[in-house]
Amino acid sequence: MTRATPIRSIAPDNPDAPALIEAAEILLAGGLVAFPTETVYGLGADATNPEAVARIFSAKGRPSTNPLIVHTDGPELARRCVSHWSEAAETLARHFWPGPLTLVLPRSALIPDLVTGGRDTVGVRVPDVPVARSLISRVGRPLAAPSANRSTGISPTRAEHVSQALNGRIDLILDAGPTAVGLESTVLDLTSDPPRILRPGPIQAEALSLTLGRTVLERHALTFEHNLDEPAASPGLMAIHYAPRTLAIRVEPGEPIPPLPSADRIAVLSIGPAAEAFGPFGVRLRIDLADPKRAARVLYDALHHCDASGAELILVLMPPDLPDWAAVRDRLLRATQPA
Ligand code: TXA
Ligand code: MG
């Protein structure tokens, strides 16, 4: 049997925690460490070490064509990862970093092919958790870090989720409690004109557009369904992703609820201000999330609970198709099938 992965508790705002020394040593030796960010837990490796990066893909079971986000402790290290730091990058970095915004830019020679899936661009971001930045500073190199789950599974918002998915496959887990934001960063492509969102997230198109003073193309939830046959601009935009193990079906607001198995075999996830009044009652598990920020924070935890409840089916009552719900809807569309 493989060795169980140790978990070290750490305060999110203590950059001097002893566990960071151990974590930095592992990373410098080419190992894998799961660490907290404000969005989800990341599975980190030294981004400049191709063998270390290769371990991420095998621990996750991730296709090697899907590029990894590179995390840095500030804009300075991020600039060294890219070959052209544009004015737009400077403006957005000043405004939104540290924070849940990944900027896709032309990559520099510091970043190996494996990180970017052979692309000539790289996604960079600075996480908004002091221990994450302190870890990167101690390593002194950028960290490649996808979400710390098995490929296509539900992203981890707690160290327990990481452990359930990757125990024995990685070297260390840093546990700083549940993450504050709960959904992955917004991914913005700055190599296209106008800039366009590749993955909706906590920072919305409107805020980006106001800050840049120019149009930012949104990614409407429907486009990925319409474009399933086109090669994805970002391979992480594959349709099935973020999915629970249990069959999950979605019902849009105003649509009738289809015939279902008996109530005690269903978990209901009702999301959005109007959803609470609908759906079957007396079910095995029911979770109501009316507010977009709270829904983002606890969505993955709720999906993990639904999986653990033993329900045969998860019924997802969808939130409305409005900008505030874009990121939550995007993840739910990928986690569910139409009713
Ligand atoms: O919040 C987050 O972004 C988390 C935490 C750990 O930072 N990370 C995360 O990584 O969600 P991952 O690997 O699960 O998702 C990365 C997404 C994928 O959709 C990937 O295709 C896209 O970012 N991406 C990364 N580099 C890219 C590039 N050069 N061009 C286009 N898309 C890119
Ligand atoms: Mg992921």
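Residue by residue through region 308-333, note down the ones that are assigned to a helix (DSSP H, G or I) and surrounded by 19 or more Cβ atoms within 10 Å (Cβ to Cβ). Result: 325, 326, 327, 328, 329, 330, 331, 332, 333. Taking region 43-82 only, how many residues are under 16 Å from residue 148 (Cα atoms) and polar (S, T, N, Q)? Qualifying residue count for the region: 3. Filtered by the rule that a residue be touching a helix residue (DSSP H, G or I) at 6+ places or on another chain (Cβ under 9 Å), in a loop (DSSP other than H, G, I, E, B) and within 12 Å of ligand 1 (Cβ to nearest atom), region 174-220 gives 179, 180, 181, 182, 183, 184, 190, 200, 201, 202, 203, 219.
Residues in region 261-289 that are at pLDDT 90 or above and not in a loop (DSSP other than H, G, I, E, B): 265, 266, 267, 268, 269, 270, 271, 285, 286, 287, 288, 289.
Matching residues to (1) within 29 Å of residue 295 (Cα to Cα); (2) of a type in the set (S, T, N, Q); (3) in contact (Cβ under 8 Å) with a residue 60 or more places away in the chain:
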residue	(1), (2), (3)
36	yes, no, yes
50	no, no, yes
54	no, no, yes
73	yes, no, yes
83	no, yes, no
96	yes, no, yes
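The set of residues in region 154-180 being within 16 Å of ligand 2 (Cβ to nearest atom) and surrounded by fewer than 21 Cβ atoms within 10 Å (Cβ to Cβ) consists of 158, 164, 169.
Looking across region 299-331, the residues that are more than 23 Å from residue 197 (Cα to Cα) and not small (Gly, Ala, Ser) come down to 301, 303, 304, 305, 306, 307, 312, 313, 314, 315, 316, 317.
Here is the figure for region 213-243: residues that are more than 25 Å from residue 120 (Cβ to Cβ) and at pLDDT 90 or above total 1. Just one of the listed residues (307, 301) is within 24 Å of the chain's Cα centre (by Cα) and modelled with pLDDT under 95, and it is 307.
Inside region 138-173, residues that are free of Cβ contacts under 8 Å to residues at least 60 places away in the same chain and within 13 Å of ligand 1 (Cβ to nearest atom) make up a count of 1. Do the conditions hold for residue 151, that is, is it small (Gly, Ala, Ser), at pLDDT 95 or above, part of a loop (DSSP other than H, G, I, E, B) and within 16 Å of ligand 2 (Cβ to nearest atom)? Taking the combined requirement at face value, the residue does not satisfy it.
For region 110-148, taking the residues that are of a type in the set (Gly, Ala, Ser) and assigned to a loop (DSSP other than H, G, I, E, B), the one that is farthest from ligand 2 (Cβ to nearest atom) is identified as 140.
The values are calculated or read from the model by the stated rules, or taken from the named source; none is laboratory data. It should be emphasised that the depicted structure is a prediction, and the values quoted were computed from it without experimental measurement. With ideal geometry, Cβ positions are generated from the backbone for all residues, glycine too; neighbour counts draw on all protein chains shown.
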